[in-house]
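The values are calculated or read from the model by the stated rules, or taken from the named source; none is laboratory data. All values reported here derive from a predicted model rather than from experimental measurement. Here the Cβ is made from the backbone with ideal geometry for all residues, glycine too, and neighbour counts use every protein chain on show. Side chains are part of the model used for accessible areas, which takes the heavy atoms of the whole protein and leaves out ligands, DNA and RNA. Shrake-Rupley method; radii C 1.70, N 1.55, O 1.52, S 1.80 Å.
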Amino acid sequence: MSSFTGSATNFGSQLMEISKKWLIEWEKHGVNEANIDESKPKFFVTAAFPYTNGPLHLGHALTYSIPDVVIRYKRMKGYNVLFPMGFHFTGTPIISISESIARRDEKTIKRLLDDGVPIEVIESFVNPINLALYFKDRAINSLRNMLFMIDWRRSFTSVDKEFQKFVEWQFLKLRDAGYIVQGTHPVGWCPFHQSPVSMHDTLNDVEPEIQVFTLIFFRDEENIIYPVATLRPETVYGVTNLWVNPEATYVLVEVDGQRMLLSQEASYKLSFQKKEVKPLMSIKGSSLVGRKVVNPLTMEKIEVLPAGFVDPDTGTGIVMSVPAHAPFDYAALKEIGYENTLKPISIIDIDGKPSLLGVEVVNNQGIKTASKEEDRKKLEELTKDVYLREFNSGSMSRELSSRVSGEHIYLGIAKSIEGKPVKDAREYLKEAIIKMKLGDVFYEIANKPVYCRCGTKVVVKIVENQWFINYEDENWKKKVYDALRGIDIVPNDYREQFVNTVGWLKKKACARSRGLGTPLPWDKSWIIESLSDSTIYMAFYTVIHKIRMHGINPEKLTPEFWDYVMLGIGDVNRLSASLGIDKGILEEIRKEFDYWYPLDNRHSGKDLIPNHLTFMVFNHVAIFPPEKWPKRIVVNGHIMVEGMKMSKSLGNFITIDKALKEVSSDVLRLSLILGAEIGNDVNYTKQLTTTVTETLEGIYELVVSVNSSRHITEENMSESTVFLEKTLETKLHRLLQEINELMENYKFRSAAIKIYHEINNELKLHFKINGLYRSDLINRIIDSWIKLMSPFTPAFAEELWHLTGHKSFVVNESWPDPSMFVKSDEHALFLKYIDTIVDDIGNLRNLFSDKKEVIIVASSSKPCYPAKARSYLADNNQLRELTRLLAREGVPSPHDYARRIVAFLKNLTMDELNKIEKLCEYEVEILRKMSSYLEGLLNLKIKILSEEAPEAQEYIVKKKQSPLPMRPVIIFK
RNA sequence: GCGGGGGUGCCCGAGCUGGACAAAGGGGGCGGACUUAAGAUCCGCUGGCGUAGGCCUGCGUGGGUUCAAAUCCCACCCCCCGCACCA
């Protein structure tokens, strides 16, 4: 084989040149533009559009490589394909970066410099649109360089006026359908900025987490509320007293018309959660000690006691004391010498027996106080243990209701949770307390303190009048479940996750007070949030280029316009008149939508299943009729780099631009596809790209050398070459069939292995046996092979295609059909038979690694037992019958032989089974014809003998073994 | 905690509708051929045993179902991801 000179790196740069060359050629000929063609079935594919706050990275490369393979494949299969790409500007991160630039934040500037943004451009980023546009342009370049076949005429951004009109229509539709609701909603909030904060607004990028406490209202004789904040409302039945911090300052406030006592800190926090918190007076904690309050669930009268462990900045600063189940409480009782006065009350059973875990652990550890440093540390841990044990394996006491004074109206509540698991009791009680107005909810920042970038401590604010998309609407959910059944999910393993997501999905706040995006049409003070404005935008791709082409003013894109274009609602003549748009144009746009929609494939990363992808289904269901619902969702995994999660902080973050400086787009694409089957995480490694480059180099050299080899016709071929060509052709038929099936099932990794390795190996083996030459078959194989490579490594394939003398574009060729290679059932059968011989020799050669010659003595005159075995195939139990029959015929080790034959027959197609007699009849001849193949494959010298040959008789006698049909004797010499 | 996914040979990774699985494919390692040499390329080996196509061990751990389990069931351990107003 000749002789492409150059090292792998040289070939690597040659590949880069090839990519550039064909990108230009294709764009010149507009191969990536998609227009209506009624003569072809259409195939419409989209992938999640990128958020342009930075350069595209390998994750994008992966997510877009897969649909690109799909459309290139589908295109060759005769589909009219569309793969468009837009850009997501909606949201706050872009604005946050702009604000950082405005205040000259060094970290942000450094990051942008690292991303290759020139300093003067960075300065322009104080305007967020400049930033978004800059990265959009870079993204387009990256995507072009990846050779993605994107129809750029249909590109848009989510702040384009036309798109905003479309989103307005969508939201009006949702509102009309009753899916938009308003309500209150807790958010992390900066009191200084007077605005919600999320991760990118906080110091150190901490996401403020919100924790829900249950408030329980204890009352004194003046009806003043002492609210305790707890995560364990069920323990209210075991309360012996309340705790306050004697050193802390408490305030008496008026809330919702009631008087309430709580720590100063709590009162501040509460003021963000209630309409009004009116302070009346301050009181030192110590002066609360000794007051008597009533437990609202048991009507028991208890006392307020002092405890230093009470943190006035957690909850309300008032704590209910449950010594039986809370180590802190028991320790605090001990500290003030009350452990015998106030007897711990067990209200939780563990393993069906009343427990006093709180008391036990404190006594076991010899803890005497709740205030000493070392005790507190221990207590914190013990609290966690007790909490978990009681939560996971505790159940409410069976005598719980005896804690409630007899005729009390809430006796029923206690009764209904008696004996129930703590988990369930807690949920039940929480709801009951709030419903009965015996308490309330109180929100805390769970991971506090969290600070806004301005340094202000973040609190929880209840936002009034927040707009939600009501994804918890049961009827809506039902329709989504139905829709999901009709959607093909690739890989199907993710279906369950979709179904579950629909199950737990709640109301989704769909608007924010700041950020880029579309104002809510009926309340322009709100901006539609980014996960809500991007649920049906795929439909927009179908028409945007036409809207622009006809110069339609965005103001004309009214709800009536969209009703007609997307839903076919309304009278086109009247619409034309009222909008002043040509009727023909309206119809043309409508037709464009109707031709391309529904979406055939939606591609995205698996992280978007619980939000975007599911929202997409919800919104399609809400707005479009069933025939326009998406047909397939393809989910890809994450990208890893050298075995580690790719991230900026790990320093292994690779942008597409950077990757393409090291490897060509063909290599990158194929590496990502070969990295993992769809749905799994792809591990991108230097090693992998090197291997892929070398593989492509090998293929290149092979094609080049075949191309320059001599052409021979069948008349000039040796008999054995004719035979082996038939075998090769049969193999190719099989391979193409397998590849087709894999492609149809989105098993691109496996398909690529067959294309780039297995065909490769078959050809190399064939040439090794026969020498390098061209023939009609070989030419056909090479042509088909190049076509098969085209979806994965398009520029590389294009190069080979032209190298082998073609003038057309391979991207425009048809996908090879297996039928172009004649499958001979006989040869397929022979091949499978030869495989068993190869296996056997392989098994034995370990024992005879020093021997280089193999003699195969084949049966030539015995009855064709395999044919007889055919009738025993159906039923495994008849193996015994077959064994008996063989034994009667005097076959040695009949059971082994029977097993072997049956295993072989099971692997055959019906057609092959019908040829089995031929195998018996010509076994010696087949082996002879295939001996050069065996020699090539095994690197051994092979000699075939018929059992009648005198030489064969010697071996038979010596080995005490006689050949049977399909069971030749193999001798290493 | 809840929900989803996963633990396979030196490594990565397929298989997981139960038999053809000592387990595809790739990589690495070792040995060999070629070469003045290196590289590239090609070939062989890469759980253990065995002078004949076989046996033993084995797919997170422990049980179970079955004539037969990497594949099915149960329990446990460990890892990853998501839990919302955030793209």
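What the table shows:
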{"item": "Solvent-accessible surface ranking, highest first, for A:His733, A:His550 at 1.4 angstrom", "result": "A:His550, A:His733"}
{"item": "Segment A:468-507-segment A:912-951 distance, computed between alpha-carbon centres (Å)", "result": "59 Å"}
{"item": "Amide hydrogen neighbours beyond the local backbone of A:Arg219, cut-off 5 Å, H modeled", "result": "A:Tyr226, A:Val294"}
{"item": "Separation in nanometres of the label points that stand 7 Å from Cα toward Cβ, at A:Val31 and A:Met717", "result": "3.1 nm"}
{"item": "Segment A:298-431 - Kirkwood radius from inverse mean 1/r over Cα pairs (Å)", "result": "15.7 Å"}
{"item": "Residues with amide H under 5 Å from that of A:Gly91, placed H, sequence gap 5 or more", "result": "A:Leu516, A:Gly517"}
{"item": "Coil-residue trypsin sites (Lys or Arg not before Pro) of segment A:748-807, DSSP, other Cβ within 10 Å capped at 14", "result": "A:Lys807"}
{"item": "Carbon/sulfur fraction of accessible area - segment A:210-445, other protein chains in place, 1.4 Å, %", "result": "50 percent"}
{"item": "Proximal lysines relative to A:Lys807, as straight alpha-carbon distance under 16 Å, when same-chain residues fewer than 8 apart are discounted", "result": "A:Lys21, A:Lys28, A:Lys787"}
{"item": "Dipole of chain A, positive direction: furthest Cα of A:Ile469, A:Thr240, A:Ile855, with charges on the beta-carbon", "result": "A:Ile855"}
{"item": "Proximal aspartates and glutamates relative to A:Lys74, as straight alpha-carbon distance under 14 Å, when same-chain residues fewer than 8 apart are discounted", "result": "A:Asp600, A:Glu741, A:Glu744, A:Glu813, A:Asp817"}
{"item": "Equivalent ellipsoid semi-axes, segment A:709-823, via Cα gyration tensor eigenvalues times 5, rooted, Å", "result": "24, 17, 12"}
{"item": "Members of A:Lys269/A:Lys378; A:Lys631/A:Lys747; A:Lys754/A:Lys823; A:Lys334/A:Lys378 lying beyond 21 Å, as alpha-carbon distances in this model show", "result": "A:Lys269/A:Lys378"}
{"item": "Mean separation of Cα contacts under 8 Å (6+ apart) over length of chain A, as relative contact order %", "result": "13 percent"}
{"item": "Cα shape, segment A:207-328, gyration tensor, a/c 1.5 rule", "result": "rounded"}
{"item": "Unit charges on C-beta of K, R, D, E only; dipole of segment A:616-754, Debye", "result": "760 debye"}
{"item": "Net +/- balance of residues flanking A:Ser576 in space, Cβ distance below 10 Å, scoring K and R +1, D and E -1", "result": "-1"}
{"item": "Karplus (6.51, -1.76, 1.60) ³J(HN,Hα), θ = phi - 60°, over segment A:568-579, in Hz, Gly and Pro reported as x", "result": "x, 8, x, 8, 5, 5, 5, 4, 4, 5, 6, 8"}
{"item": "Structure-based [θ]222 nm, chain A - -39500 (n - 2.57) summed over DSSP H runs of at least 4, per residue, nearest 500", "result": "-13500 deg cm²/dmol"}
{"item": "Positive minus negative residues near A:Glu254 (Lys, Arg vs Asp, Glu; Cβ under 9 Å)", "result": "0"}
{"item": "Compactness of segment A:833-972 as Cα Rg over 2.2 N^0.38 Å, two decimals", "result": "1.05"}
{"item": "Of all DSSP beta bridges in chain A, antiparallel share, percent nearest 5", "result": "70 percent"}
{"item": "Whether segment A:122-232 is rounded, prolate or oblate, judged on the alpha carbon gyration tensor where a/c under 1.5 counts as rounded", "result": "prolate"}
{"item": "Packing rank of A:353-360, A:937-944, where each peptide gets the mean count of other beta carbons within 10 Å, highest leading", "result": "A:353-360, A:937-944"}
{"item": "P(r), alpha carbons of segment A:261-328 - 5 Å bins starting at zero, rounded %", "result": "3, 14, 21, 23, 21, 14, 4, 1"}
{"item": "From phi via Karplus (6.51, -1.76, 1.60), per-residue ³J(HN,Hα) for segment A:170-175 in Hz, x at Gly/Pro", "result": "4, 6, 5, 4, 4, 5"}
{"item": "Burial order of peptide ranges A:276-288, A:83-95 (average beta-carbon count within 10 Å, highest first)", "result": "A:83-95, A:276-288"}
{"item": "Estimated vicinal HN-Hα couplings, Hz - segment A:119-126 in sequence order (Karplus 6.51, -1.76, 1.60; Gly, Pro = x)", "result": "4, 5, 5, 4, 4, 5, 6, 4"}
{"item": "Charge dipole (debye, nearest 20) of segment A:833-972; +1 at Cβ of Lys and Arg, -1 at Cβ of Asp and Glu", "result": "320 debye"}
{"item": "Mean separation of Cα contacts under 8 Å, 6 or more apart, over the residue count of segment A:833-972: relative contact order %", "result": "46 percent"}
{"item": "Dipole axis of chain A (+1 Lys, Arg; -1 Asp, Glu on Cβ), positive-most option in A:Ile350, A:Ala425, A:Ala414", "result": "A:Ile350"}
{"item": "Accessible surface of segment A:709-823, 1.4 Å probe, proportion on carbon and sulfur as whole %", "result": "45 percent"}
{"item": "Cα gyration tensor shape for segment A:210-445, rounded if a/c is under 1.5, else prolate or oblate", "result": "oblate"}
{"item": "Summed side-chain charge close to A:Asp115 - residues other than A:Asp115 whose Cβ falls under 11 Å, Lys, Arg +1, Asp, Glu -1", "result": "+3"}
{"item": "24 Å Cα-Cα reach of A:Lys110 towards lysines, excluding residues that sit fewer than 8 places from it in its own chain", "result": "A:Lys136, A:Lys645, A:Lys648, A:Lys658, A:Lys661"}
{"item": "Sequence-distant residues sharing a close amide H with A:Val641 (under 5 Å, placed H)", "result": "A:Met646, A:Tyr684"}
{"item": "Debye, to nearest 20: dipole size of segment A:210-445, +1 on Lys, Arg Cβ, -1 on Asp, Glu Cβ", "result": "280 debye"}
{"item": "Cα Rg, Dmax, segment A:265-372, angstrom units", "result": "16.1, 48"}
{"item": "Accessible solvent surface per residue of chain A, calculated while the other protein chains remain in place, 1.4 angstrom probe, Å²", "result": "42 Å²"}
{"item": "Relative contact order (percent, whole number), segment A:210-445, Cα cutoff 8 Å, 6+ residue spacing", "result": "24 percent"}
{"item": "Approximate spin-label separation A:Lys645-A:Thr558, in nm, with each point projected 7 Å along Cα-to-Cβ", "result": "5.1 nm"}
{"item": "Dimensions in Å of chain A - Rg and Dmax from alpha carbons", "result": "38.0, 119"}
{"item": "In Å², nearest 10: area of A:Asp493 left accessible to a 1.4 Å probe", "result": "130 Å²"}
